[in-house]
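Participant: Questions regarding the structure given below will be posed in turn.
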Amino acid sequence: MFLITGANGQLGRCLQDILPASKCVLTDVGELDITNEKDVLSFGQKHALTAIINCAAYTNVDKAESEPELARKINADGPANLAKLAAELNIPLVHISTDYVFDGSSNTPLGENAPVRPLGVYGQTKYEGEQAVLKYAKTAAVLRTAWLYSPYGKNFVKTMLRLGREKEQLGVVCDQVGSPTYAPHLASTIVQILPKIAPNTREIYHFTDEGICSWYDLAWYTLHRAAVPCPVTPIFTSQYPTPAKRPAFSVLDKSKIKNQFGVSIPHWTQGVEECLTKLS
């Protein structure tokens, strides 16, 4: 049985779409408080678990600046507890992390060993979660991803579609560059690599869809392909201030996961096409 935490989120929902329900134990905060170590260990002892996929996270990047304690509990303490459970049961843990562990000062794709310098609370607490997983789990894969979107929940692609239909024009940041990731692509990769994770190894991997774009590019392409006629204007980050700083460049080098597991990764435009088809 796979324990999927954060099962109501984008990635959790996408995992449910491809994994048999009979093989999954689905939890969100209502079923399991991952920040409570005793609850996590007790829960794990009641189920015949063969793997843990941690999709649970505090993801409100701006709000984290004013709620650092809560963000740390969910993004650092929670993964630590799940890693301890995985170690006790001697099962693999797949933990999802983020490009926000980097400061965005690079101009070339970032490998797993690139210097980590989070710009805010969200990135810092996610990095602490990574470190906890690597410390406590016996077998683990930490997957850093970026710019996640899907047909589910709230995300940039769905927001652009909504705003594009509501407003006469949009201004979208053009000086933050990365790689959008369609959550079903990440979900299928997790399912593909999970049986191949070597026992007693703890590794970090990078996964996003292929290709590079700005938020402006992603917004323009989404509205263009959806035939929403709203004009999109490029603006600079300085024109759209937010409580938390975003990395200006967070393109991730995916060579390691491709070479080690034979993963084939679609281009980000294919992800947008698939998402729009699902939403139509």
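Participant: Checking Thr5 against (1) open to solvent by 40 Å² or more (accessible area, probe 1.4 Å); (2) in contact (Cβ under 8 Å) with a residue 40 or more places away in the chain; (3) among the hydroxyl-bearing types (Ser, Thr, Tyr), only one condition comes out false. Which one?
Facilitator: (1)
Participant: Applying the selection to region 49-88, what residues are surrounded by fewer than 24 Cβ atoms within 10 Å (Cβ to Cβ), under 11 Å from Leu3 (Cα atoms) and small (Gly, Ala, Ser)?
Facilitator: If the condition is that a residue be surrounded by fewer than 24 Cβ atoms within 10 Å (Cβ to Cβ), under 11 Å from Leu3 (Cα atoms) and small (Gly, Ala, Ser), then Ala51 is the only one that fits.
Participant: What pairs can you find where one residue is in region 258-280 and at positive phi and at pLDDT 95 or above, the other is open to solvent by 50 Å² or more (accessible area, probe 1.4 Å) and not aliphatic (A, V, I, L, M), and their Cβ atoms are less than 9 Å apart, with a gap of 6+ or different chains?
Facilitator: Cβ pairs passing all conditions: Gly262/Gln192; Gly262/Lys196.
Participant: Restricting to region 1-13, what's the tally of residues that are assigned to a helix (DSSP H, G or I) and in contact with a strand residue (DSSP E or B) (Cβ under 9 Å, 6 or more places away or on another chain)? Please lay out each step first, then the result.
Facilitator: Taking region 1-13 and keeping what is assigned to a helix (DSSP H, G or I), we get 10-13.
After this cut, where a residue has to be in contact with a strand residue (DSSP E or B) (Cβ under 9 Å, 6 or more places away or on another chain) as well, the list is 10-12.
So the count comes out to 3.
Participant: Follow-up. All but one of (1) under 29 Å from Ser105 (Cα atoms); (2) at pLDDT 95 or above hold for Tyr240, so report the exception by its number.
Facilitator: Only one criterion is unmet by Tyr240, namely (2).
Participant: Any residue in region 111-121 that is crowded, with 20+ Cβ neighbours inside 10 Å and in contact with a strand residue (DSSP E or B) (Cβ under 8 Å, 6 or more places away or on another chain)?
Facilitator: No, there is no match, as no residue in region 111-121 is crowded, with 20+ Cβ neighbours inside 10 Å and in contact with a strand residue (DSSP E or B) (Cβ under 8 Å, 6 or more places away or on another chain).
Participant: Go through (1) outside any helix (DSSP H, G or I); (2) among the polar types (S, T, N, Q); (3) closer than 27 Å to Gln131 by Cβ for Thr233 and report which single condition fails.
Facilitator: (3)
Participant: Report, by residue number, each residue of region 192-213 that is touching a helix residue (DSSP H, G or I) at 6+ places or on another chain (Cβ under 6 Å), part of a helix (DSSP H, G or I) and either aliphatic (A, V, I, L, M) or crowded, with 23+ Cβ neighbours inside 10 Å (or both).
Facilitator: Restricting attention to region 192-213, the residues satisfying the condition of being touching a helix residue (DSSP H, G or I) at 6+ places or on another chain (Cβ under 6 Å) are 193, 196, 202, 205, 207, 209, 211.
With part of a helix (DSSP H, G or I) added as a condition, the list becomes 193, 196.
Ile193 - this is the single residue of region 192-213 that is touching a helix residue (DSSP H, G or I) at 6+ places or on another chain (Cβ under 6 Å), part of a helix (DSSP H, G or I) and either aliphatic (A, V, I, L, M) or crowded, with 23+ Cβ neighbours inside 10 Å (or both).
Participant: Go through region 214-230 and count every residue that is surrounded by 20 or more Cβ atoms within 10 Å (Cβ to Cβ) and in a strand (DSSP E or B).
Facilitator: Summing the residues that are surrounded by 20 or more Cβ atoms within 10 Å (Cβ to Cβ) and in a strand (DSSP E or B) in region 214-230 gives 0.
Participant: Take the residues in region 18-32 that are charged (D, E, K, R) and loosely packed, with under 15 Cβ neighbours inside 10 Å; name whichever of them is nearest to Ser188 (Cα to Cα). Full working, then the answer.
Facilitator: Of region 18-32, the ones charged (D, E, K, R) are 23, 28, 31.
Among the residues that remain, those that are also loosely packed, with under 15 Cβ neighbours inside 10 Å are: 23, 31.
On the way: Lys23: 15, Glu31: 25 Å.
Here the answer is Lys23.
Participant: Give region 250-277 a look and list any residue that's within 25 Å of Gly153 (Cα to Cα) and open to solvent by less than 50 Å² (accessible area, probe 1.4 Å), or say none. If you could, list the steps in order and put the result at the bottom.
Facilitator: So in region 250-277, the residues within 25 Å of Gly153 (Cα to Cα) come out as 250-252, 265-277.
Listed by number, the residues that qualify are Ser250, Val251, Leu252, Ile265, Pro266, Trp268, Thr269, Gly271, Val272, Cys275, Leu276.
Participant: Within region 33-48, can you find the residues that are open to solvent by 20 Å² or more (accessible area, probe 1.4 Å) and within 18 Å of Gly12 (Cβ to Cβ)?
Facilitator: Filtering region 33-48 down to residues open to solvent by 20 Å² or more (accessible area, probe 1.4 Å) leaves 33, 35-39, 41-43, 45-48.
Asp33, Thr35, Phe43, His47 - these are the residues of region 33-48 that are open to solvent by 20 Å² or more (accessible area, probe 1.4 Å) and within 18 Å of Gly12 (Cβ to Cβ).
Participant: Still on this structure, I have one more. Considering only region 209-220, I want to know if a residue exists there that is out of contact with any Cys (no Cβ under 7 Å at 6 or more places or on another chain) and of a type in the set (Ser, Thr, Tyr).
Facilitator: no
Participant: State the number of residues belonging to region 122-146 that are open to solvent by less than 30 Å² (accessible area, probe 1.4 Å), hydrophobic (A, V, I, L, M, F, W, C) and not in a strand (DSSP E or B). Break it down into steps so the answer makes sense when it comes.
Facilitator: Start the filter on region 122-146 by keeping residues that are open to solvent by less than 30 Å² (accessible area, probe 1.4 Å), which leaves 122-123, 125-126, 129-130, 132-133, 137, 139-146.
Filter once more, keeping what is hydrophobic (A, V, I, L, M, F, W, C): 132-133, 137, 140-143, 146.
Still in the running and not in a strand (DSSP E or B): 132-133, 137, 146.
The total comes to 4.
The values are calculated or read from the model by the stated rules, or taken from the named source; none is laboratory data. Because the structure is predicted, anything quoted here is derived from the model rather than measured. No Cβ is skipped: glycine too gets one built from the backbone with ideal geometry, and neighbour counts run over all protein chains shown. Side chains included, ligands, DNA and RNA excluded: accessible areas come from the protein's heavy atoms. Shrake-Rupley method; radii C 1.70, N 1.55, O 1.52, S 1.80 Å.
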